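The structure appears below as structure tokens.
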Amino acid sequence: MGGRRRGAGKRFLVVGDVLDGVIVHTRAQATGDHDHAAVIRHRPAGAAGGTATWLGWLGADVDLVGRVGVDDVYRHERALEDAGVRPHVSYDSRASTGAVVSVRSDFGRTSMVDGGASALLGAEDVPLDLAARADIVHLTGEAMLASGGADRIAGLVARARSGAARVSLDPSSVAVVRAIGAQPMLEALAGVDVLLPGRAEAAAMTGTADMDEAIRILARTVPLVLVTLGAEGVLLGRPDRAPQRVPATSATVVDTLGAGDAFAAGFLRAWATDQVRVGSAAREGTRVAARALGFVGGRPPV
């Protein structure tokens, strides 16, 4: 690559969830416990917002299409612009801005999502001129993908492919697969160039907990699959090739929220410029994910 900055000259379009986030760190051990020392933070959130802002943090040329409640357009636009993202945020008078509540304790994390306006986002919200100018279109977000069924996903993929862009999709949550069904989900992925599921989503789509087998099944539909495995790194699969393992980058873990979105940003930025050295692009993704693990809230610091 001759030292050329990865992603230089490429344009990215991210489509999906823009949410309000409430991040809670508590020592409560059971429902009904009162934790007067809990740490509660309000942050802009959502998978699309997370991936787009990490792309912006990396210096990429990035647009975002999302939908929020009518009273929140300016606030979310400013947050995205401050992170180096060009926002194309529609307002919705029928629904409020979606929200995610993430509660972390010594026993693990529980997340709850109300899709709100993001759940109404569809292919018709993606301007054709933006899709035509993009080199990579990334579709992501539980609220958007889980609502509307397989037809909505297929419509989004078709809109993303209306230009010359390559299309990536992050299922975002096993709830998406459960809401749509494994087989309809796989069928809706026709036309996707890169699939970025986590372990749970890959298992739900294929019916097997063996990730080597799962990635072989997924690669029959999507030509490039990267299953994120947390501390175990990434499993990379292509048709008719043995799965390749890419180790995770060492990290100090403050908060796991949004690490997958950061991985997607790092990988896509590198892969956009060099689609041959996929393993190298995956390693770049793990480096960006490691940075994300050091911050609370899923987005990079402004």
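Every read-out reported here was derived from the displayed coordinates using simple, explicitly stated rules and does not represent laboratory data. Keep in mind that what you see is a predicted model, and the values were worked out from it rather than measured. With ideal geometry, Cβ positions are generated from the backbone for all residues, glycine too; neighbour counts draw on all protein chains shown.
Work from the charge dipole of the chain (Cβ charges, +1 for Lys and Arg, -1 for Asp and Glu, about the Cα centre) and give the residue of ALA28, PRO127, LEU224 farthest towards its positive end. It is LEU224, whose Cα lies furthest towards the positive end. Oblate is the label for the stretch 1-92, because the ratio a/c of its alpha-carbon gyration tensor axes (a ≥ b ≥ c) is 1.5 or higher and a/b is not greater than b/c. So what's the net charge close to THR228: Lys and Arg +1, Asp and Glu -1, counting the other residues with Cβ under 11 Å from its Cβ? Value of the local net charge: -3. Highest average first, the peptides 50-63, 231-244, 147-160 ordered by how many other beta carbon atoms sit within 10 Å of their residues are 50-63, 147-160, 231-244. Cα-based radius of gyration for the stretch 148-302, normalised by 2.2 N^0.38 Å, reads 1.00.
Between the entries [x] 120; [y] 146; [z] 131, the label attached to volume of the Cα convex hull per residue in Å³ calculated for this structure is [z]. Converting phi to 3J(HN,Hα) with the Karplus coefficients 6.51, -1.76 and 1.60 and the offset θ = phi - 60°, the stretch 59-76 yields x, 6, 8, 9, 10, 10, 10, x, 9, 9, x, 4, 7, 10, 4, 4, 4, 6 Hz in sequence order, with x at every glycine or proline. Placing unit charges on the Cβ atoms only, positive for Lys and Arg and negative for Asp and Glu, gives the stretch 193-302 a dipole magnitude near 260 debye about its Cα centre. Per-residue ellipticity at 222 nm, computed for the chain from helices alone with -39500 (n - 2.57) per DSSP H run of at least four residues, works out to -10000 deg cm²/dmol.
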